[in-house]
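The values are calculated or read from the model by the stated rules, or taken from the named source; none is laboratory data. Computed from a prediction, not measured in an experiment: that's the story for all the values here. For neighbour counting, all protein chains shown are included, and Cβ atoms are generated from backbone atoms with ideal geometry for every residue, glycine included.
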Amino acid sequence: MPSTILEETKGQSGLESAVPSDQLRKIVEEEFQKTPIIDMHTHLFMPSLGKLGLWGIDELITYHYLEAELFRFSSVKPDQYWKLSKQQQADLIWRTLFQENTPVSESTRGVIAVLNAFGLNTTAKDLTEARQFFNSQQLEPHISKVFELAGITSVVMTNDPLDPQEAPLWQNNPAPNKQFHAVLRLDRVLNKWADNWQTLANQGYKVSADLSGNTISEVRRFLSEWCDRMRPVYMACSLPDTFMFPEDSARSRLIAEAVLPTGRERNIPLSVMIGVRYQVNPAIKLAGDGVGKTDLRAVEHLCVQFPDNRFLISVLSRENQHELCVYSRKFGNLLPFGCWWFLNNPSIVEEMTRERIEMLGNSFIPQHSDARVLEQVIYKWKNTRRTMTPLFAETYRVLSEDGRPVSRAEIRRDLDQLFRTNFERWVNL
Ligand code: FIX
Ligand code: ZN
């Protein structure tokens, strides 16, 4: 296993003809369109996990990003909104954000881009046409069509072994799907141990609230058995802005004594997504989470104390991005990824990606979609390509101006590295 990402890419250079500077934008665009992207963090589900997978117009419109925006424009109160049916909620959001107001926000524009990709009317008075279209789709061919339109080859799911709906499905050995990779998501175990240890006990693990007795070894057995069941590409957890490691908490002990040892044993990384202020407004449910600047010394301590573990790290606060780049320069076992959640806006994506290239070269993963609804990958990757193409082209223009032209093959290799092989290597895919 390579100790750092870069080691294995050395042999692939060797110049074809150099791309003239005025052609760089066009060549990057062409190559980026063909890059077989792996979307390394989503909330999508493979078909064999049934109704967990969200798709279609009503799910697109009632995405929690749009619900947050609805409550800014509409006089409808959250408790009134939750009493509506899914279709009534979608109709209200369509009327409010797409008819009575111009859909200029990143999230509303996203829905427009999806409708447009399927040749549907983007200014329709209501959702009748869109509903007819999506209701007439067969899921599996629709998934292939959506992945093709998005220009992605596979996605990484978010799978919760304590989710009352999802866990039983995994215990019935769902048919695997090579376009969907599993992840063992541990938010309930790590962030809410006091509320969830009983669920592990109900699954037959001899655990206790205070971590006494065999709890640690039983949690390791729990993790191992779920790794056998899911074959996850990584374990993952989102963490609050107040996260600190080490600390006197069940979470800190479980990370150090159960999760990371299992990660070493199974040679899979841990992904930590830090900086959420959970439920600052519970009235709007999933849309109610906020962001907070976090003390990234927790990351420093994890990387120092566990050099044989690999970490995938994303932080939610804009103010933490520079620090994360600096820590990534210090630790070869840290791979920063994505412009997560409230950062996934073109103005910030540009800023973050430029800084990461300047400080890390191509040794990071620029983006993930975080799609919760299947068709969202279409606009999220369209936006990413649109925002990053000029940025990559400018990077190459400056490099050639400094005396080192690049070839089409090198551009192709770099894009492949950023959006596929960096991830594949990190997770042994
Ligand atoms: O923790 C996460 O994986 C977050 O991405 C989600 O919880 C969040 O709700 C989301 O959808 C962000 O885009
Ligand atoms: Zn997510």
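If I filter the stretch 214-227 for residues that are more than 29 Å from Glu300 (Cβ to Cβ), more than 23 Å from the chain's Cα centre (by Cα) and at pLDDT below 95, do I get at least one hit? No. Within the stretch 42-72, restricting attention to residues that are of a type in the set (Gly, Ala, Ser) and part of a helix (DSSP H, G or I), the residue that is surrounded by the fewest Cβ atoms within 10 Å (Cβ to Cβ) is Gly50. Answer yes or no: is there a residue in the stretch 184-207 that is touching an Asp or Glu at 6+ places or on another chain (Cβ under 6 Å) and assigned to a helix (DSSP H, G or I). No, there is no match, as no residue in the stretch 184-207 is touching an Asp or Glu at 6+ places or on another chain (Cβ under 6 Å) and assigned to a helix (DSSP H, G or I). Out of Ser238, Ser249, Ser271, Ser317, one residue alone is among the hydroxyl-bearing types (Ser, Thr, Tyr) and farther than 28 Å from Tyr65 by Cβ. It is Ser249.
Being closer than 23 Å to Val427 by Cα, in contact with a strand residue (DSSP E or B) (Cβ under 9 Å, 6 or more places away or on another chain) and in a helix (DSSP H, G or I): is that true of Val326 here? Answer is no for this residue.
Taken over the stretch 160-212, the criterion of being of a type in the set (S, T, N, Q) and touching a strand residue (DSSP E or B) at 6+ places or on another chain (Cβ under 6 Å) is satisfied by Gln179 alone. When Gly288, Gly292, Gly338 are checked against the criterion of being within 12 Å of ligand 1 (Cβ to nearest atom) and closer than 15 Å to Pro240 by Cα, a single residue qualifies: Gly288. Do we have any residue at all in the stretch 374-393 that's under 23 Å from Arg231 (Cα atoms) and either within 16 Å of ligand 2 (Cβ to nearest atom) or buried (at least 24 other Cβ atoms within 10 Å of the Cβ) (or both)? Scanning the stretch 374-393, I find at least one residue that is under 23 Å from Arg231 (Cα atoms) and either within 16 Å of ligand 2 (Cβ to nearest atom) or buried (at least 24 other Cβ atoms within 10 Å of the Cβ) (or both), so the answer is yes. Annotation note: of Pro307, Pro366, Pro336, the sole residue that is without any contact (Cβ under 8 Å) to a residue 60 or more places away in the chain, surrounded by 20 or more Cβ atoms within 10 Å (Cβ to Cβ) and out of contact with any strand residue (DSSP E or B) (no Cβ under 7 Å at 6 or more places or on another chain) is Pro366.
Of everything listed in (1) away from ligand 2 (no atom under 16 Å from the Cβ); (2) without any contact (Cβ under 8 Å) to a residue 24 or more places away in the chain; (3) not in a helix (DSSP H, G or I), the single unmet condition for Ser252 is (3).
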